[in-house]
Ligand code: SF4
Ligand code: SF4
């Protein structure tokens with residue numbers, strides 16, 4: 001059996017759906033990535049700039065040289081909606097794929113060593129210094145699409161990528177092209193924020209996935225208008241894609257985390273000190289307590305309810321994070337401005353908010369809710385009304 005066949009056999013035995021081998025060399029997308037960075041399209045992801053040299057040249061990650069074994073683990077499932085409304089990206093609904101991927105890659109490395117392919121390696125799941133889609137395309141796992149993701153004929157965009165860099169020169173996988181977008185432009189037309197600025201180029205500054213997962217602090221006032229039900233990530237460009245429409249349903253593979261099955265936007269907004277326990281073992285904890293609560297507040301504007309209104313009023317007055325108080329004010333102004341108590345609370349919150357940015361934005365939301373003239377009559381130290 002060849003060394004390459006050993007690699008493929010281990011991948012199959014460990015349950016990976018896809019496996020290919022790419023050379024440990026700068027990938028075809030290196031120049032495109034540099035241009036994307038230079039245009040500032042990475043938004044606040046400053047680590048991409050810091051890691052630029054390693055990202056464009058994987059030989060800096062594993063100086064011994066060798067090959068990149070690229071692996072795919074499919075996760076297709078039906079659309080995920082939280083109880084009471086609010087949506088999360090499908091990939092994040094189950095158990096944390098980082099944990100699962102890291103465990104499998106460790107076992108992969110042990111199996112390689114037992115087969116005589118040991119030595120120092122580097123394992124990467126999701127957040128690593130590698131332009132993984134480009135290496136994966138080169139290794140035959142799919143093709144890079146106009147939505148800047150990787151599409152596979154069977155799984156479409158619904159699979160995780162992970163890699164193990166090994167110090168062995170293996171024969172790269174040579175597959176025929178897996179397909180192409182052709183004349184389709186469905187994702188460019190469907191993106192709610194026009195974040196796909198040209199085929200294959202997503203501007204993270206406009207993308208809801210970045211806005212709801214990586215961006216900390218106050219939500220962009222324009223983007224939140226387009227967020228609709230999305231409380232974590234966004235699947236719109238994948239959901240409209242014809243590739244993957246017939247992908248097998250693998251929901252049981254990662255399960256459904258209790259923060260999704262039993263939670264809901266109000267529970268997310270009110271998690272407080274329970275946050276770590278409620279979200280343990282889920283990739284949904286990535287934005288942190290304040291980020292999750294901020295996103296939940298914004299998504300509650302698209303799923304108004306009495307329970308939501310009460311939770312938003314409580315957050316407006318008592319949440320410890322300024323971006324959550326402010327997002328709660330925005331959602332109240334959008335969804336509950338007809339309520340006189342809400343307008344009074346907004347005016348009071350705008351008058352008493354200690355953080356400067358939140359104070360300015362809350363004054364704007366209070367104005368938009370028709371409560372602009374009310375703040376002067378309230379005790380600035382007293383703050384918003386207690387729900
Ligand atoms: S994830 Fe959503 S916002 Fe981002 S490019 Fe796709 S459709 Fe647009
Ligand atoms: S929706 Fe169409 S253009 Fe967009 S990635 Fe899918 S096939 Fe390509």
Worksheet item: Can you give me the relative contact order of segment 189-377 as a percent, contacts being Cα pairs under 8 Å and 6 or more apart?
Response: 17 percent
Discussion item. Report the Cα centroid-to-centroid distance between segment 43-101 and segment 160-210 in angstrom, as an integer.
Written reply: 12 Å
Worksheet item: What are the radius of gyration and Dmax of the chain, computed over its Cα atoms and given in Å?
Response: 23.2, 82
Practice prompt. Name the most mobile residue of 305, 317, 134, meaning the one with the largest mean-square fluctuation, in a Gaussian network model of the chain with Cα contacts below 10 Å.
Written response: 305
Fill in: Sequence-separation-based contact order of the chain, relative, with Cα cut under 8 Å and 6+ spacing, percent
17 percent
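Kindly provide the helix-only [θ] at 222 nm of the chain, computed as the sum of -39,500 (n - 2.57) over DSSP H runs of four or more divided by all residues, to the nearest 500 deg cm²/dmol?
Working: 17 runs with 150 residues, N = 387.
Computed ellipticity for the chain at 222 nm equals -11000 deg cm²/dmol.
Taking neighbour Cβ counts within 10 Å as the exposure measure, how do 1, 45, 162 sort from fewest upward?
Details: 1 8, 45 15, 162 26.
Going from least to most buried by this count: 1, 45, 162.
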Practice prompt. Subtract the Cα-Cα distance of residue 49 and residue 249 from 0.36 nm times their separation in residues, and report this length gain in nm to one decimal.
Written response: 68.3 nm
Worksheet, complete the sentence: A correct fewest-to-most ranking of 73, 208, 14 by other Cβ atoms within 10 Å would be 14, 73, 208
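So, R0 is 22 Å and r is the distance between the beta-carbons of residue 261 and residue 78; what FRET efficiency does that work out to, to 0.05?
Numbers: r = 13 Å, r/R0 = 0.61.
Efficiency computed from Cβ-Cβ geometry: 0.95.
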Worksheet item: If you build a Gaussian network model of the chain, linking Cα atoms that sit under 10 Å apart, which residue out of 12, 193, 256 swings the most?
Response: 12
Worksheet item: For segment 236-298 and segment 304-324, what is the separation of their C-alpha centers, rounded to whole Å?
Response: 20 Å
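FYI, it's all coordinate maths here, none of it is from the lab. The structure presented is a predicted model; accordingly, all values stated were derived computationally and were not measured. Here the Cβ is made from the backbone with ideal geometry for all residues, glycine too, and neighbour counts use every protein chain on show.
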